[in-house]
Amino acid sequence: MQPVSFVKMHGLGNDFVLMDCLQTPPPPDDRLNAMSQAICDRHFGVGGDGLILILPDSQADYRMRMFNPDGSESEMCGNGIRCFGKYLFDAGLVQSPTVSVATMQGLQHIEIQEDAVPGARATMVRVDMGAPRLLRSQIPMTPSESNGNDGQVINEPLQVGSTTYRITAVSMGNPHCVIFVDDVESVPLKEIGLEIEHHEAFPQRTNVHFVQILGPQKLWMRTWERGAGDTLACGSGACAVAVATALNGRLPGNNRRALVHLPGGDLDIEWAANNHVYMTGPATDVFAGSFDEEFLNSIER
């Protein structure tokens, strides 16, 4: 196998390895699981919270596929799609600041914002994340013992070991479990996050977010990402958290906009009147390189 080029990027510390598969064929599907695990390994690979493929598409401007460090494919990645958009813009692959991107969870629309100087590169990216999916079957979650109908999951008890948590569930194309706490920093994130990720209530596993209200329209969240673990930021998770905060009546008045603080930085989230959730935040280049042939050949199928 010949050396393959890549770009390392991050959105608020949520870092990704992007492979441009527009001119060269993408890796075969039966290798992607092992390739993602090897490439995302922070000691033996490049290191990252995900592997992103940039692909052509017949229905959208481009297609994005994203694989977690455990090799599983994710339906959607908010920080990843901002990096995806910046790459397209900076590489001159799009002429318009508005770009359509096909993902596993459907068509996404992104708006790229650039510095107001000649030859500027993309700095901030605004993503239309679509409408949140709120029914139990859409998360998905198993039927509730106390309430088996297909309603919304808002402040519902979830038994985890000997502890009961009050959860709100939101899908942004991928599943999210939101838990409000008084002090995010005191939560043993790995221990609890891993248990809830694999809880029997979530047949496709789930992302887990612990949220602290800092003030009017200001939230602080920590995330345990499905397939990735403790990450510095989760874009789709920040959207789910803002929606869950509104559903629980924790945003002032009828306002459905919040500044979400994450360990890697801030995201501006708005659940707009058209029921779509809009996420605005930065994307940053780190370095470019190529995978050595020896490394690629060492990856087992």
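Out of 237, 281, I need the residue that is under 23 Å from residue 159 (Cβ atoms), of a type in the set (Gly, Ala, Ser) and touching a helix residue (DSSP H, G or I) at 6+ places or on another chain (Cβ under 8 Å). Which one? Before you say what the answer is, go through the steps one by one.
Values: 281 fails: under 23 Å from residue 159 (Cβ atoms).
Only one candidate qualifies: 237.
Residues in the range 259-275 that are surrounded by fewer than 15 Cβ atoms within 10 Å (Cβ to Cβ) and within 21 Å of residue 79 (Cα to Cα): 272, 275. Taking each residue of the range 53-73 that is farther than 18 Å from residue 28 by Cα and looking for partners that are surrounded by fewer than 16 Cβ atoms within 10 Å (Cβ to Cβ) and among the basic types (Lys, Arg) with beta-carbon atoms closer than 7 Å, six or more apart or interchain, yields nothing.
This table checks each residue for (1) part of a strand (DSSP E or B); (2) surrounded by 20 or more Cβ atoms within 10 Å (Cβ to Cβ); (3) on the phi < 0 side of the Ramachandran plot; (4) of a type in the set (Asp, Glu).
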{"site": "125", "(1), (2), (3), (4)": "yes, yes, yes, no"}
{"site": "150", "(1), (2), (3), (4)": "no, no, yes, yes"}
{"site": "177", "(1), (2), (3), (4)": "yes, yes, yes, no"}
{"site": "192", "(1), (2), (3), (4)": "no, no, yes, no"}
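Selection of the range 75-101 for residues being in contact with a helix residue (DSSP H, G or I) (Cβ under 8 Å, 6 or more places away or on another chain) and either β-branched (Val, Ile, Thr) or assigned to a strand (DSSP E or B) (or both) yields 81, 94, 99, 101.
Taking the residues in the range 212-241 that are among the basic types (Lys, Arg) and over 19 Å from residue 139 (Cβ atoms) as candidates, determine which candidate is surrounded by the fewest Cβ atoms within 10 Å (Cβ to Cβ). Talk me through it step by step, then tell me what you get.
We begin by selecting, within the range 212-241, every residue among the basic types (Lys, Arg); these are 218, 222, 226.
Add one more test, that the residue is over 19 Å from residue 139 (Cβ atoms), and what stays is 218, 222.
Numbers: 218: 13, 222: 22.
Per the stated criteria, the residue is 218.
Here residue 236 clears all of (1) assigned to a helix (DSSP H, G or I); (2) modelled with pLDDT under 95 except the condition numbered (2).
Within the range 44-63, track down each residue that is outside any loop (DSSP other than H, G, I, E, B), under 20 Å from residue 264 (Cβ atoms) and of a type outside the set (Val, Ile, Thr).
51
Here residue 24 clears all of (1) without any contact (Cβ under 8 Å) to a residue 24 or more places away in the chain; (2) within 20 Å of the chain's Cα centre (by Cα) except the condition numbered (2).
In the range 152-169, the residue that is nearest to residue 208 (Cα to Cα) out of those that are in contact (Cβ under 8 Å) with a residue 24 or more places away in the chain and in contact with a Ser or Thr (Cβ under 8 Å, 6 or more places away or on another chain) is 169. Does the range 51-62 include one or more residues that are farther than 27 Å from residue 230 by Cβ, surrounded by 16 or more Cβ atoms within 10 Å (Cβ to Cβ), under 22 Å from the mean Cα position of the chain (by Cα) and hydroxyl-bearing (Ser, Thr, Tyr)? Yes, some residue in the range 51-62 is farther than 27 Å from residue 230 by Cβ, surrounded by 16 or more Cβ atoms within 10 Å (Cβ to Cβ), under 22 Å from the mean Cα position of the chain (by Cα) and hydroxyl-bearing (Ser, Thr, Tyr). Within the range 268-301, how many residues turn out to be outside any loop (DSSP other than H, G, I, E, B), of a type outside the set (A, V, I, L, M), more than 27 Å from residue 12 (Cβ to Cβ) and in contact (Cβ under 8 Å) with a residue 60 or more places away in the chain? Residues that pass the stated criteria total 4.
The values are calculated or read from the model by the stated rules, or taken from the named source; none is laboratory data. Please read these numbers as outputs of a predicted model, since none were measured by experiment. Here the Cβ is made from the backbone with ideal geometry for all residues, glycine too, and neighbour counts use every protein chain on show.
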